[in-house]
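Accompanying notes for the structure given below.
The values are calculated or read from the model by the stated rules, or taken from the named source; none is laboratory data. Note that the coordinates shown come from a computational prediction; the quantities given were computed from them, not determined experimentally. Counting neighbours? That spans all protein chains shown, and the Cβs are built from the backbone with ideal geometry, glycine included. Side chains are part of the model used for accessible areas, which takes the heavy atoms of the whole protein and leaves out ligands, DNA and RNA. Shrake-Rupley method; radii C 1.70, N 1.55, O 1.52, S 1.80 Å.
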Amino acid sequence: PGSNENATRVNLTSPAQCLASSADGSLVATAGGNKQEPLELNIHLWDGRTLQPKGEPLNGHTRKLFALALSADGKSLLSATADELWLWNVADRTHKELKGQSDKVLCAAFHPAGKRLLTGDEKGYVVNGINLARTLCRHLI
């Protein structure tokens, strides 16, 4: 059995509903999970090795966050609420709304190749259909 005696911990301002990590572990993203007002609507970025904050939180969502996913290189972050999918450029902290998801996203992941996004929705479907090649190129340049 493993031990967490030497684990690094961070005290969040609210419970963590969502968590994502870059493939190399250098970046971690968390989003709040308050079930009552005030809802934590910000996304917090952390240095994955020290768990120190990386800048100000990402903000703009007006509804509870259900899912986060970081691309393997840590340059892109997906955030999902009941009715919004946002693709963030982590470096400049801007986002673009992704269209085409009809049901509430409960979980998400970047395909290992980084060109597609997989989402799981409240009706039990996994969608492997959001092609990120053009979106990423337009958003990250």
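Here Asn59 meets the list (1) under 17 Å from Ser22 (Cα atoms); (2) in contact (Cβ under 8 Å) with a residue 12 or more places away in the chain almost entirely, failing just condition (1). Any residue in region 74-85 that is modelled with pLDDT under 90 and open to solvent by 50 Å² or more (accessible area, probe 1.4 Å)? There is at least one residue in region 74-85 that is modelled with pLDDT under 90 and open to solvent by 50 Å² or more (accessible area, probe 1.4 Å).
Exactly one residue out of Ala113, Ala91, Ala109 is at pLDDT below 90, open to solvent by 30 Å² or more (accessible area, probe 1.4 Å) and farther than 15 Å from Val127 by Cα: that is Ala113.
Can you pull out the residues in region 1-42 that are among the hydroxyl-bearing types (Ser, Thr, Tyr) and either touching a His at 6+ places or on another chain (Cβ under 7 Å) or at pLDDT below 80 (or both)?
Going residue by residue through region 1-42, those that are among the hydroxyl-bearing types (Ser, Thr, Tyr) are 3, 8, 13-14, 21-22, 26, 30.
The answer is Ser3, Thr8, Thr13, Ser14, Thr30.
So, Asp103, is that one of a type in the set (D, E, K, R) and either in contact with a Gly (Cβ under 6 Å, 6 or more places away or on another chain) or open to solvent by 20 Å² or more (accessible area, probe 1.4 Å) (or both) or not?
In short, yes.
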